[in-house]
Amino acid sequence: MIIASFYLSPVLRFGVCPDLAAFLEWPDLSAIFTYLLFFYIFDFYNLDERFSSVGYFFRFLLALIIADLFIASLFYVFNVRPYATVILLLNTLLILSLCLGWRFVFYRWNRETQRVLRVLIIGAGWAGTDLYKLLADRSDFYVVGFLDDDPGKWGTNLSSLAAKTMGEAGKELGKGPEVIGGTDLLSAVIKEQNVDLLIIAITHGLKNELHKRIVDAKVKGLSVYEMPTFCEIVLGKIPVQHVSDLWFVYVPISGVRKTIYNQRVKKIIDIILSLMGLLVLLPIMFIVAVAIKLDSPGPVLYIQRRIGWRGQPFKLLKFRSMKVGLQNHREFAGRKNDPRITRVGKILRVSRFDEIPQLWNVIGGEMSFIGPRALMEEEVNEFTPQIPYFSLRHSIRPGITGWAQINYPHGATVEDGLRKLEYDLYYLKNLSPLLDLIILVRTVRTVMFGRGAR
């Protein structure tokens, strides 16, 4: 649609058809990439997004205008032929019309033809109810039921099971699907319920009979996943409470491999991004420093002891966002209306400007630009004995941003630490240049819309 708009603009303006080969030149290719990048930043490739006329239109228009300004600045900096004003305006109007028209057709078609995957869960214990809790709010999966070899669970619904395994929290799941019967019914249930996906929610080893039944179902074309792998692929996290030591022994962990990217390229990129960030953000840092001094008494910078790579402590730098003397009152941590936060501090936290000084930590080698969040020593001491595999997050350098930071809001409870660890371990296992790039772009989106900030 974007290429078609580029082609049609000179046709409408001058009545001439441009050479198609011209679109292979870097100015036009960079412009196309810029539009796609800003569409991604503004969350227009999220299939869960619903097309709404007014809000969607103006957000799409804003993304186009910002992309146009970026493209015009890029052409000016590199002194290449900029688009004429009329051509740029026509490009914008055509992209707006064609892309919105296509999206309207797509969302109508997708809503009518979207296929919901029917899921059968093996295991109706803690892991099974946790898995259903993760899938309950998703429109693309439907759990038809459970199979479990415990006769005491047969015929019971999820509400009863969850109340036993999850307490009061389980009652919030509603009635839910039932335990159909034992695993000897696997073949019959798959056929009767038209199952698309079989998920094994059993942490311990499988019995030989069950193993054979699952293999038989798999060779007949059914998709089969164990719970940790399914959550990793579909949900982007690893459910640490439901994985075994053996699982961690055999799965590849990309983040600790001695690759060129991990040992050299990532460090070089960290330093380049940090130096560029400090240079570009220098005026903002000056304004922030003045605002902090005028707003409340105390130093501009806040220096805090954090735990980093291999469990070693280091001094993390931040712009002060709290009132002096109240930083250690952790009972308010993670609250939406934290009384410790200053007026300027609220703005700094929403905009993430309070984290700019951490660029010095990156240059000093104590942090990376992307990685798990560096936690306070008190948090590490509290979480380590209560959360399985928590120490694994210290296998790589902590980061200013990371997979957990963009997927889970800030919090200071053990439950928050557990949920964020699920994302941290996903990053540790799947670390790659592409994943780092995705995190970087999504961080821009998170900062722009103030998501997850406290």
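Read-outs throughout are calculated quantities, based only on the coordinates presented, and are distinct from any laboratory measurement. Since the model is a prediction, treat every value here as computed from it, not as a measurement. Neighbour counts are summed over all protein chains in view; Cβ atoms, including those assigned to glycine, are modelled from backbone coordinates with ideal geometry.
Taking amide H as placed 1.01 Å from N in the peptide plane, Y302 has its amide H under 5 Å from the amide H of K318, F319, R320, each at least 5 places away in sequence or on another chain. Near T342, the amide H atoms lying under 5 Å from its own belong to M322, K323; only residues 5 or more places off or on other chains count, and H is placed 1.01 Å from N. Amide H contacts for G145 (H built 1.01 Å from N in the peptide plane; partners 5 or more residues away or on another chain; cut-off under 5 Å): I121. Across the range 206-220, coupling constants 3J(HN,Hα) worked out from phi with the 6.51/-1.76/1.60 Karplus curve, θ = phi - 60°, read 8, 6, 4, 5, 5, 4, 5, 4, 5, 4, 4, 5, 5, 6, 8 Hz, and Gly and Pro carry x. The gain in end-to-end length when the R59 to V11 segment is fully stretched comes to 14.5 nm, 0.36 nm per residue minus the alpha carbon separation. For the range 183-332, the number of Lys pairs with C-alpha atoms closer than 30 Å, counting only pairs eight or more positions apart or on separate chains, is 27.
So what is the calculated 222 nm ellipticity per residue for the chain, using -39500 (n - 2.57) for each DSSP H run with n of 4 or more, over all residues, to the nearest 500 deg cm²/dmol?
Working: 19 runs with 225 residues, N = 454.
Here the helix-only value at 222 nm equals -15500 deg cm²/dmol.
In the list [x] 23.6, 77; [y] 24.3, 83; [z] 25.9, 78, the label attached to Rg and Dmax of the Cα atoms in Å as derived from the coordinates here is [z]. Converting phi to 3J(HN,Hα) with the Karplus coefficients 6.51, -1.76 and 1.60 and the offset θ = phi - 60°, the range 353-359 yields 5, 5, 8, 4, x, 5, 4 Hz in sequence order, with x at every glycine or proline. What is the list of residues in the range 388-416 whose amide nitrogen lies under 19 Å from a point 7 angstrom out from the Cα of K267, following Cα to Cβ? Under 19 Å, as judged by backbone N against the label point of K267, lie 394-400 of the range 388-416. Which of rounded, prolate, oblate describes the range 285-433, given a ≥ b ≥ c as roots of the alpha-carbon gyration tensor eigenvalues and a/c under 1.5 marking rounded, otherwise prolate only if a/b is larger than b/c? Prolate, since a/c reaches 1.5 and a/b exceeds b/c.
Please order L437, L222 by the number of other Cβ within 10 Å, starting at the fewest. Can you show the working numbers first?
On the way: L437 11, L222 16.
The order, fewest Cβ neighbours first, is L437, L222.
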